[in-house]
Structures are given as C-alpha cells and as structure tokens.
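The values are calculated or read from the model by the stated rules, or taken from the named source; none is laboratory data. Here the structure is a predicted model, which is why all the values come from computation and not from measurement. Positions of Cβ are backbone-derived with ideal geometry, glycine not excepted, and every protein chain shown enters the neighbour counts.
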Amino acid sequence: MNNVTGAEMAQYKGFAPGLDPADAEAMADEVGARFTAAREAIAKFIFGQKTVVDQVLITLLAGGNGLLIGVPGLAKTRLVDTLGTVLALGVARLFQANFVRLDTYEPAAFAGGGLLVLLSCLVASYLPSRRAGKADPMEALRAE
C-alpha cells in the first residue's frame, strides 16, 4: 500500500463521514490482506492466470459484473468454481466467528446449506409452474 499521510487521508473524509483516517487505513490494510489471502488460496488451484485472478477479485471487490472470455482450456470454469469455494469458506469463517459456533468444515453445515438452496430452488420453480398450470391456454394465446 502507498504511504499516505493522515492529512492526505483527511481530504477523503467526506466520503465516509465520521471515519477516522487511521481507521480507514486499518480497514484498507485488512482488505489488502484478505485480497492477498484469497489470491494465494486460488493460486493453489489455478496456475499461470495471476492477472485474470486479480482482475476477477478486483471486479468482485468493486461490486461489479464481469465476463470471462477466452479460448477453451484456460480454466475459466475452474476459476469461478475455486473462487466460489474460497469465498464460501470465508463467509463460513465469518459466521463461525460472529454468529454461530460451528466448525468451518463441518459436513452438517455444508449439507444444511445445500438443502436450503435445494428447497429455495424447489419453491422458486413450483410457484410459477402452479400459476402457469391455472392459466387458460386460450386466454394466454389471445393476450399475446
């Protein structure tokens, strides 16, 4: 991180009212450390794609959307899969530290999460299909 003085940080204080420049610097250092940890975790599975990994992480950090384009065999799917696993483990650690006292790698927690996703998918597909089943086909065709 660049060496930024407190006076230089103070000019940005208006962007986050009430945030002390020292706190902002500590938060930036923490984000940088987590970024580096995520990059190192992904690098264990994705080789030779450091720039792409950095760009994907920066896109996620900025809250944006991204489109991975490339020839087959460049581990695009593997990158997204690994990224999801790394971020899911990070969220699990966050829950472990703050909310629920669970082991991060507890199989019941992962199974419970999977069942929750499955249940939400079933509900999300059942409700529209139920509504579509009640619709009169002739009315639907006339409406188009």
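Tabulated data for the structure shown
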read-out	value
Condition met for Leu87 (exposed (fewer than 13 other Cβ atoms within 10 Å of the Cβ), in a helix (DSSP H, G or I) and either assigned by TED's automatic domain parsing to the domain that holds Glu30 or modelled with pLDDT under 85 (or both))	no
Only one of Leu74, Leu57, Leu79, Leu67 that is modelled with pLDDT of 85 or more and assigned to a loop (DSSP other than H, G, I, E, B)	Leu67
Residue selected from region 40-54 under the condition assigned to a helix (DSSP H, G or I) and of a type outside the set (A, V, I, L, M), by the criterion nearest to the chain's Cα centre (by Cα)	Asp54
Condition broken by Met1, with the remaining ones in (1) at pLDDT 85 or above; (2) surrounded by fewer than 10 Cβ atoms within 10 Å (Cβ to Cβ) satisfied	(1)
Residues of region 107-123 satisfying the condition of being small (Gly, Ala, Ser) and either closer than 20 Å to Leu87 by Cβ or surrounded by 10 or more Cβ atoms within 10 Å (Cβ to Cβ) (or both)	Ala109, Ala111, Gly112, Gly113, Gly114, Ser120
